[in-house]
Structures are given as structure tokens and as C-alpha cells.
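Every read-out reported here was derived from the displayed coordinates using simple, explicitly stated rules and does not represent laboratory data. Remember, it's a predicted structure, so these values are computed and weren't measured experimentally. Here the Cβ is made from the backbone with ideal geometry for all residues, glycine too, and neighbour counts use every protein chain on show.
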Amino acid sequence: MTQATLPRPIPSRGAKSARFDGDKALALICVGVPLLGLVLFFLYPMAIVFLRSITTADGAYGLSNYAEVLGSSGFWRATRHSMVMGGATTLLSVTLGFIIAHGLYRCAFRGKRLIRAVIILPLLAPSLVQALGLIFLLGRNGLVNQIFGIEMEIYGFWGLLIANTLYALPQAVMIIGAALVLLDARTYEAAEVMGASPLLQFRDLTLPAARFGILNAAFVVFIITITDFGNAAVIGGDYSVLATEIYAQVIGQRNFNMGAVVGIMLLLPTVAAYAIERRAMRLQGRQPANAQRFVPSFAPLRDLPMAGLSLLICLAVLSVIAIVFYASFVRLWPYNMSLTLKHYNITLAGGYSSLWVTTWISLAAAAGGTFLVFLLAVGLRRAPAILVQPLQVLAAMPAAVPGMVLGLAYILTFNSTATPLYLLYGTAALIGIVNFYHYHTQAFLTVMTGFRQLPEALEEAASSLGAGLGRVAVNIIAPFVAPMLISVFFFLFMRSMVTLSAVVFLTTPDLSVAAVTIMRLDDAGLTSQAAAFSCAVMAVVVAALFGMKAVLAYLGHRTGSGSVG
Amino acid sequence: MYLSVENATKTFGKFTALDDVSISIEKGEFVCLLGPSGCGKTTLLRIIAGLTETDAGTVSVEGETLSNLPARKRGFGIVFQSYSLFPNMTVAENIGYGLKIRGAPNDRIAARVRELLDLIKMPTLADKFPAQLSGGQQQRIALARAIAVDPRVLLLDEPLSALDAKVRADLRGEIRHLQRSLGIPTLMVTHDQEEALALADKIICMNHGTVVQAGPPEDLYHRPATRFVADFMGTSNLIETDVIRRVQPKLLQTRPNGADAEYIACIRPEHIDLTPDAEGPATVRDISFLGNLKRLDLDSPLGPLQVETHGVDMFSPGDRLSLAIAPDHCVWVRDDLTGAGA
């Protein structure tokens, strides 16, 4: 034993030199920088949009804009449409989502991996791809009309309803699935032993346990639907909704203040729905630590119909995306169905440049955003207790703001020469920033989930070994939450690639992004090129998705643990 | 006095975790903080480690006050119940982490890691990740990681509680051996009195945020100061003064002066001698087989009694017997539960 011969390797001791505490300064930066970002790029623009909504034509403050908007029949029609559309989509999407989730987690049949893969497809494309696909499928020149001669009016309520339902379906499935997977197999075994039939078990155990998940999913779907712009713009036709109304006011009539008013009016139901959703999420119970995962056994009466329904829904999702893919190769839809690559030669000004620009913007937004939410989460661990709660609330606020409203707030804020922030206007940086803050909440909450799993003892053990906050963050925390950081990075990247609502106001003739290009191509009647461009975007996103899976698999493999994920 | 805590007080909201606690550890000493959950023992350990701030009181090592020093600058080693190895680092990286922070050259870190792996008898595991190891192995690594930097004090927070009985016994022996051979002053928190008795040079028994009794294990076992200590340190028969006066008045000769409610008799189960006696005053109610000994539950004039014997099958339930207790085996303890004592 040679311990005694080793010199004491602790030079960093000494109470006298500890006046300046590097850890405290670092913690301050960790909280301060992301906080500054939130104030500058979220709170401040939101304040501006509110101020502009109460700025009258002669520059004074007053409610006359509101009076004018509330007095117009167009606004009330759009509001009514938004609410009806939101309600109908919620009903349909949550019902279908429940069927899929129940099939995935409570039934036994083959092909679940396929269902999982298909069901997330709508997330991988700009929302307007749903609408595009429906037009190719059910429109006047659509496949159904061509083959069966059934002509239907796809533009308007029904088209938009289907497009929105498909678009919101992945979220509904994920949220309800998360609630169903929490259920403890033991309670079902107990019910079984007590003589409860499967139907009773479903009614008395599954439904009550899933009700908050369903409620949660309903509000999320509602928010997605009333705030989405892409589908409404492409397939809404005359069925105006609040999101298209904002666009009409701002882009059509150059009436920013009225746009701000409509934006605020769209904000109200969204904030309300979001607040209720957060509550519902808290009410949803946590899985007991020793819960047993339910492994369903095959029951033909339950599983065959569920498998059939799941298959049908997946077919619907798949066909809408697949037809876009197919149409992008068709020479002249629907007259000359021979295949060609000519639509991939984008003739609109700029060609593919917006795709590459979007990719770079998305990479930057993902990298910067992941870094900032990580900083914030680290800072929150060391921040004074009274600051933590308000900061968490602030970080979770952006999700309540529709992308259209945030985009409008940005154009009002950054297209004004009043502050040096004007320098950002028209830059790719600003688009990256708006994308990050648009999806700030989801990114932040994901990282926080990872942080909650981080045992305090790890940090404390590192501290006792002499590690300061910087080392703890880099050596201990970051590797531990790496799977979450990677998920956040790719989430931000993929959302930035496909989002339309927040960026539609911020593109300029010189600087466009992919989703806007698709919309422009569709507007110009170059529908096949729009389809081709959509496929190019999806290719990038799918590549990113595989990249994420590969990185996560590598991480899990490296430490030889199942704890990753 | 190597490490001392003076007048430490800590409250969490309305809950007082520590109420004016003072303790000390001598050089090379192994001290156990023993008490039920919620007694403040872990809070005290965390305060010493610098992981929790005190409301009042000081922590000092060799006369140097540490109160404002963050944990990372104290140079202590700590082992938690939950292993808490860094999951992203190999065994070797875990053990070497403290030295790396101190800027030690790589070859010296490698040498030290090898040495420690040999010391804990796990020389082949250097490149494994924690998730590939058993709980006992992980805890050994955590121990090695803590002592790698030659800590001034080793802090162990219920290090054995998460382990299986057999592994726990092995590791207990190893901790004891390591601590003795390295001479690191060690403070261990535990709620397991057997563990404390086996390991400690000194036991500090805590309850409700205060130190109830401190001393060598033999003292706490044979001469508990209060009813709480008597109860917590193993099994004991606690009998009120008036019962003793009525049934076994000769045991009163060791009793300190004081009101009836102030002291209570404590008689260990192994200190009651039994004789089969058809006319005897006590009856065997139940017998439990504990392997190397038997425990008898008796009904007696002293009330229900627990007695441990090594004898062969002398008794069966329903047997009558007489019992004898030597006066020096009757310890009088303050009754701190009725509130009349201390």
C-alpha cells in the first residue's frame, strides 16, 4: 500500500482566496444569457404586437382597431370557422389517435413498427403537404375523380378538416400513447382475477386512466389546428380562418395594426387552451416506480378490428404523403401520367437555394437553441429558489403563441428602425431565432425531463471531488442528458425545416425558406414542382431523423446501458 | 479534534432538521451517525460535505473553518447510497476524475487508478461502464473514487443500504479494512445499528435533530443513556420503575435518584437467565428460531419479556419457568419518550 507516498493533490483549497466564486458567476451567465434571449426575442416582440394592436391610424393609443375588427363580419366568420374547424379536427383526430394508440399499446398484432413509422410522417413535412396530397387525391384532377369519376369539392371545410386531422394525428397518438403506456399491468391482473371482463377493464381502468391524456391531446390538437397556416392557405379555399385572416390583413392589405388585433384575438383561445392543457398534464398521474409494463396477449375479437382500423388510418396518412411523392414524378398530372424528373428542376427564382438556406438556418437554430436551453436548465439548478418558478413559466410561454402571431410580432419589432435590432431584419439569423423561440417550450421541457432524471448525487459526488459548475456541466450533466440534447437538436432542426407560420412574414424576395417556396410554387400553379420541392424537404428531414436514431443508438451502445432514451 | 461541527442548526420551512448539534471526529477515527430516518443525520453529513448550508454553526477541520467553502473546495470524499457513478465514464475514468480535476498528469492518474482497483480487488474492470456492473461492484468503485484523491475526510451516506445482505456484509468488512489501513477520518451515516456497532470507533446516536448519546459502541449498547438509545440499539426489555419495585426490588439498587417517570429499567434479552420451574411465575408464549439462538416471548410479572438463549430445546410454548436478572445487568435509562427525562 503506497498511499502515504503520494503527495496531497489538492492545491485549490483555501478559504481566503474564495471571495470570488467562479461558480456563482457562471450560474449567473447560465441563467442570464437565455433569459436575455427570451426577453429580447419573445417578451419584447409580444409587447410590441400588443402595443401595435392598440395603436390607431393617427398614432394614438386606443381600442378603435378592436372596435373595427370586432365590428367586421369577416372577422366573426373567420373566428367561427376557426372554432368549428378546431372542434371538428379535435374530435376526429383524437378519436383516430386513440384508436392508433390503443392498438399500439393495448392490443396484440403485428406491424406496430410500421404503424409507428407511418404515423409520424406528417411531422416530417410542412403542414401544407397534407393539403397538397389531398388535392392530388381528391381534387378535381385528383386520382379518385380520374378513376371513379366521383367529383367532390375538396377546397373548403372538408378538405381542410381532413388535412388538419392528418397533420395533428401524430401528436394525438404520442400524447394518448404516453398515457396508455403508463398503466400498470398489475392492476389489470388484479381486475382479471376479480372477474372483470375485458370490456369492463377498458371502461373502468383504461378510460379513466387515459382521460387526462385524451384531454391533453384534445387541447394540443385544437391549438395546432387553429394556429396552422399552411393547410388553410392551400386547401382552405373560401373557408377563411383566423390564421389566413392575419395573413390577408398583413400581406394582402399591408394593415399591420389590424393584423396585430386579429393576432391578439387568435392568441386568446390559444393561451386558454394551453393553460388548460398544462393543468391536464399535471393531473395525469405518474407511473409508480415498480409498475409492470402491460404486454397484451392476442384476443381476436379485440385485436382484429383494431388492427383493421389502424391499417385504414395509416393508409390514409400514407396515401396523402405518397401521392405527393408520386405526383412529383408525373409529367403532366392528370393528363400525361408518364414519369419524369423534370419537376425537380425548380423554375421559380432561386430554385433550390431556399432549401439549402433553410437547412443552414435549421442547423444553426438547432445548435444555438439546444445550447441555450441547456444553459438555462443548468442555470436553473443553481438559481435562487424564488427565480426558478417564474423562469420556468417564462420558458414554457412561447408554446402558447401561434406561429403567425410570433412572426407578426417579429416583423413589427425588427422591421422598425427605432432600435438597433433592425439590423437583424431580413437576415437568415432572424429566421433561425424565430424558429427557436417558436419551439422554445418543447425544447426546454424535453431537456428538463432529462434533468429531472439526473440524480442529484451525481452532481454532488462531482462537487465533492472538486469539480466546479463548468466541469459538472460538461463532464457530468451534458453526457447524462445527451440523449435529450440530441432529441432537442433534431426536433429543432426538423421543425425549422418545415415550419411555415412563423416565418411566412419574415421572408423577403432575397431570402426565402423551403416551406414558403412550396407555397409560392403552389400559388403560381406549379403544383408538381411544389410536390417535388416538398419531397426534397422531406428527404432532408428523413435523413436527419435517421441521423438522430443512429447517434442515439451509438450513445446507448457506448455506455452499455439501457438507460438511454 | 480533527473535524468538528459546532452548534449546527438547520431548518427546512417549519421542520427542524438539526437543532444546535455539535460533534467531533478524531484523526483516523471511524464515526457512525446513527438514527431513524428524519433524525437529521444525513443533513449533518451534507453540511459537513458542504452540500447543504447551515442556518447557524460552524464546520472546521484542523481548526480551519470551512463554513463558506463550497463542497468542491473542501477536499472530502463522499459515497452515496445510490452508487452515483458517472454513467458516461468508464470505471477508470470515474476513479481518476478527482485527480484529473486537480490537474494530475495522465500517467500518475493511471497508476493511482490501477493501485485503487487492486486495493478493492477489481483489477480487470477498468474499462467497463457502470451500467455493466453489479450494485456491490459499483459501490466499491464509488469508494475507490472517493479515496483516490486522499480526502481529508471520508463521508459515507448509507453506502450499504441498497445492497443485498451478503454483499453488504462483504463490503462492510472491506470498508472497515480500507479505513483502518488508510487511516482516513470517516463519518458514516446509517440507520442500521448492527452496521454501526460493527464498524464504528464511535457512534453518535441522533433523534429529532439532536445528538442523544455519543460514545464507543460498547457504551451505547451496554450503557444506553436514554430509552430511545436502548430501544434503537438492539432489542431491550424496558420496564417501568413501579413494576420493578413490586416484582424485582433488588434491581432498584443501581437506580439513580429521581422521580418514577424519570428513569426506566433496560434489560437486554441475553441478560435474563431462565430455569424450568413448574411453579415459576413466567410462561413461554412463543419461540422464534433465529439460527444460532432462540428468542422466547414470555408473559411474566414484569410484563411481556423477550429473552434470547443459546440453549438446546429446553422450552416449548406453555412451559412455566422462573427467571433471574443480575442487578448489574439492569441499566437505568432516562425516559426521553414520555418527555419527563432530559
On alpha carbon coordinates alone, what is the Rg over Rh value for segment B:227-334, Rh being the Kirkwood radius?
0.97
Using the number of other C-beta atoms within 10 angstrom as an exposure proxy, rank A:Met337, B:Met188 with the fewest first.
A:Met337, B:Met188
Using the Kyte-Doolittle scale, which helices in chain A average at least 1.0 and also have C-alpha atoms spread 27 Å or more along the helix axis, with helices defined as whole DSSP H runs?
A:157-181, A:207-227, A:256-283, A:300-327, A:353-382, A:527-558
Could you check the spin-label model distance between A:Ala316 and A:Thr419? Points 7 Å from the Cα along Cα→Cβ, value in nm.
4.5 nm
Count the net charge of all other residues whose Cβ sits under 11 Å from the Cβ of B:Gly77, scoring Lys and Arg as +1 and Asp and Glu as -1.
+2
Which one, B:Gly215, B:Gly63, B:Gly96, has the greatest fluctuation when you compute a Gaussian network model over chain B with C-alpha springs under 10 angstrom?
B:Gly63
When chain B is treated as a GNM, springs tying every alpha-carbon pair under 10 Å, which of B:Ala131, B:Ala148, B:Ala225 comes out with the largest mean-square fluctuation?
B:Ala131
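Arrange the peptides A:345-358, A:362-375 so that the one whose residues have, on average, the most other Cβ atoms within 10 Å appears first.
Values: A:345-358: 16.5, A:362-375: 22.1.
Descending packing order for the listed peptides: A:362-375, A:345-358.
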Rounded to the nearest 10 degrees, what's the angle between the helix B:165-182 long axis and the longest principal axis of chain B, both from Cα atoms, 0 to 90?
60 degrees
Please arrange B:Asp127, B:Asp19 by how many other C-beta atoms lie within 10 Å of their C-beta, fewest to most.
B:Asp127, B:Asp19
Calculated FRET efficiency for the pair A:Ser64/A:Tyr44, C-beta based, R₀ 22 Å, to 0.05:
0.35
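Among B:Tyr221, B:Tyr83, rank each residue by its count of other Cβ atoms within 10 Å, from fewest to most, as a rough exposure measure.
Details: B:Tyr221 20, B:Tyr83 24.
Final ranking by Cβ density, sparse to dense: B:Tyr221, B:Tyr83.
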By how many nm would the segment from B:Phe15 to B:Leu238 grow when fully extended, if each residue of separation counts as 0.36 nm and the alpha-carbon distance is taken off?
77.3 nm
Return the calculated 222 nm mean residue ellipticity for chain A, to the nearest 500 deg cm²/dmol, obtained by summing -39500 (n - 2.57) across DSSP H runs with n ≥ 4 and dividing by the residue count.
-21500 deg cm²/dmol
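With both bridge residues required to lie in the protein assembly as shown, what share of the DSSP beta bridges run antiparallel, to the nearest 5%?
Numbers: 53 of 70 bridges.
Restricted to the protein assembly as shown, the bridges split so that about 75 percent are antiparallel.
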Output the antiparallel fraction of DSSP beta bridges having both residues in segment B:3-219, as a percent to the nearest 5.
55 percent
Once both axes come from the Cα atoms, what is the angle between helix B:135-147 and the longest principal axis of chain B, in degrees from 0 to 90, rounded to 10?
60 degrees
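Which of B:Lys27/B:Lys202; B:Lys121/B:Lys202; B:Lys27/B:Lys100; B:Lys41/B:Lys202 have a Cα-Cα distance over 18 Å? Don't jump to the answer; show the numbers that get you there.
Numbers: B:Lys27/B:Lys202 12 Å; B:Lys121/B:Lys202 28 Å; B:Lys27/B:Lys100 27 Å; B:Lys41/B:Lys202 15 Å.
Violating the 18 Å limit, Cα to Cα: B:Lys121/B:Lys202; B:Lys27/B:Lys100.
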Could you work out how far apart the two model spin labels at A:Lys24 and A:Met83 are, taking each label as a point 7 Å from the Cα in the direction of the beta carbon, and quote it in nm?
5.4 nm
Cleavage-rule hits, trypsin sites (Lys or Arg not before Pro), segment B:1-110, DSSP coil, Cβ neighbours within 10 Å at most 10:
B:Lys14
Efficiency of FRET between B:Ser322 and B:Leu252 - r from beta-carbon atoms, R0 22 angstrom, step 0.05
0.65
Considering the protein assembly as shown, what Rg and Dmax in Å follow from its alpha-carbon atoms?
35.7, 116
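Using only atoms on other chains, find how many Cβ atoms lie within 10 Å of each Cβ of peptide B:81-90 and report the average.
Details: counts 1, 5, 4, 8, 3, 9, 11, 11, 4, 1.
The per-residue average across the peptide is 6.
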Name the residue, out of B:Ile78, B:Ile267, B:Ile244, whose mean-square fluctuation peaks in a Gaussian network model built on chain B with Cα pairs under 10 Å.
B:Ile244
Figure the gain on full extension for B:Glu26 and B:His222 (residue separation times 0.36 nm, minus the Cα-Cα span) and round it to one decimal in nm.
68.3 nm
